1. Measuring from centroid to centroid over Cα atoms, what is the spacing of the range 46-64 and the range 1-37 in Å?
2. Please state the relative contact order of the chain as a whole percent: Cα pairs under 8 Å, 6+ residues apart?
3. Once neighbouring chains are kept in place and the probe is 1.4 Å, which whole percent of the accessible area of the chain is contributed by carbon and sulfur?
4. With r as the distance between the Cβ atoms of THR28 and GLU61 and R0 = 25 Å, compute the FRET efficiency 1/(1 + (r/R0)^6) and round to 0.05.
5. How much area per residue is accessible in the chain when the probe is 1.4 Å and only protein heavy atoms are counted (Å²)?
6. So what's the net charge close to SER115: Lys and Arg +1, Asp and Glu -1, counting the other residues with Cβ under 13 Å from its Cβ?
7. Can you compute the modelled spin-label distance between SER17 and VAL5, with each label point 7 Å from Cα toward Cβ, in nm?
Amino acid sequence: QVQLVESGGGLVQAGGSLRLSCAASAITFIINDMAWYRQAPGKQRELVAGISRGGSANYVESVKGRFIISRDNAKNTVYLQMNSLKPEDTAVYYCYADIVFVGRTWGQGTQVTVSS
């Protein structure tokens, strides 16, 4: 069974930066799309950014120009560089991967808190 292990969350002041990482527990699997979702208290989980295996990325409008998603296929790892953070970015961030022969897989979530 393949697991996604996230790291990089924490507490940061508004205007600061954080970098999230998510690595699959096995590198022998091929991963198609990868993405970051987030869920704030009382709100539905939303897609923040997604990236195809070929590197095509898409972002939710509210993070365009501030967040950058990238991936390393050799390491089966996806990253989310978050700049100019705002209090409204506060949420639990979840990694997602579509793993060939395994299916849709989620990480355990990492808390990001942005103080004003």
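1. If we compute the Cα centre of each part, the gap is 14 Å.
2. RCO, the chain: 36 percent.
3. Whole-percent figure for carbon plus sulfur exposure: 49.
4. E(calc), rounded to 0.05, equals 0.10.
5. 53
6. -1
7. Once both label points are built, they end up 2.5 nm from each other.
The values are calculated or read from the model by the stated rules, or taken from the named source; none is laboratory data. Since we're looking at a predicted model, the values are computed, not measured. Glycine gets a Cβ as well: all are built from the backbone with ideal geometry, and neighbour counts include every protein chain shown. SASA here: full protein model, heavy atoms, side chains in, ligands and nucleic acids out. Shrake-Rupley method; radii C 1.70, N 1.55, O 1.52, S 1.80 Å.
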